[in-house]
Amino acid sequence: MVIDVGAGDSDEMELALVASDCAVVPVRPAASDVWTMTLMDSRIAEAMSANPGLVAWALINLASTNPRQPAAEETRRALERGCSAMRVAEPTLCDRVAFQRAFSLGRTVEEYDTRAEKAAGELAALYEVVFGEALTRTGSVRAA
């Protein structure tokens, strides 16, 4: 089950963290978001005391696709230094047009465009982190 709660400190977030096996917290590669993640890390640490089975991941999201833009790696290093309860997920989701267009149509990236291999590969890597197994695909969609 996926529970999507709004950002901020709320009763809904507390209940979701206590009831969950896994939390994925997206963070943009920006200084203000990294600062917020240290607060979220404290919140998750509190939830882990009530739910010791909780595994929490910080996920860098909306990273630039420009390989010369260092913000995503800088964010990764800052999160690794500043977060003790959350792990930093290895995959990074980039700011890709395929994600934007698929979302606006209410589709997955692969439903939107089977050629969107980079976007699909990023999601498959995230799936593997969260579920501990490779994503299997059926039908006409190619495997990443």
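Quick note: the coordinates plus some simple rules give every number you see, no bench work behind them. Quantities reported herein were computed from a predicted structural model and do not represent experimental measurements. Cβ placement follows ideal geometry from the backbone for every residue including glycine, while neighbour counts extend to all protein chains displayed.
For region 49-58, putting each phi into the Karplus relation 6.51 cos²θ - 1.76 cosθ + 1.60 with θ = phi - 60° gives couplings of 5, 8, 9, x, x, 5, 10, 10, 10, 8 Hz, in residue order, rounded to whole numbers and with x for Gly and Pro. The charge dipole of the chain, taken about its Cα centre with unit charges on the Cβ of Lys, Arg, Asp and Glu (plus for the first two, minus for the last two), comes to roughly 620 debye. Taking amide H as placed 1.01 Å from N in the peptide plane, the amide H of Val55 sits under 5 Å from that of Cys22, Ala23, each at least 5 places away or on another chain. A cut-off of 5 Å between modelled amide H atoms, ignoring neighbours fewer than 5 places along the same chain, links Val27 with Leu59, Ile60, Asn61.
Here the 3J(HN,Hα) profile of region 94-102, calculated from phi with Karplus coefficients 6.51, -1.76 and 1.60 at θ = phi - 60°, is 8, 7, 10, 4, 4, 5, 4, 5, 4 Hz, Gly and Pro shown as x.
Run a plain Debye calculation on region 97-144 (Cα atoms as equal point scatterers, no solvent) and give log10 I(q)/I(0) at q = 0.23 Å⁻¹, rounded to two decimals, same order as the q list. Here log10 of I(q) over I(0) equals -0.82. Highest mobility in the GNM of the chain, judged by mean-square fluctuation with C-alpha springs under 10 Å and restricted to Leu123, Leu39, Leu15, is found for Leu15. Take the chain and mark each of the trypsin sites (Lys or Arg not before Pro) that is in a DSSP loop with at most 12 other Cβ atoms within 10 Å; the longest unmarked stretch, sites excluded, is 1-67.
Value of Rg to Rh for the chain, rounded to two decimals, is 0.98; Kirkwood radius and Rg both from alpha-carbon coordinates. Backbone geometry of region 42-48 corresponds, through the Karplus equation with coefficients 6.51, -1.76 and 1.60 at θ = phi - 60°, to 3J(HN,Hα) couplings of 5, 5, 5, 4, 4, 5, 5 Hz, x marking Gly and Pro. Straightening the chain between Arg115 and Thr136 buys 5.9 nm, computed as 0.36 nm per residue apart minus the Cα-Cα spacing.
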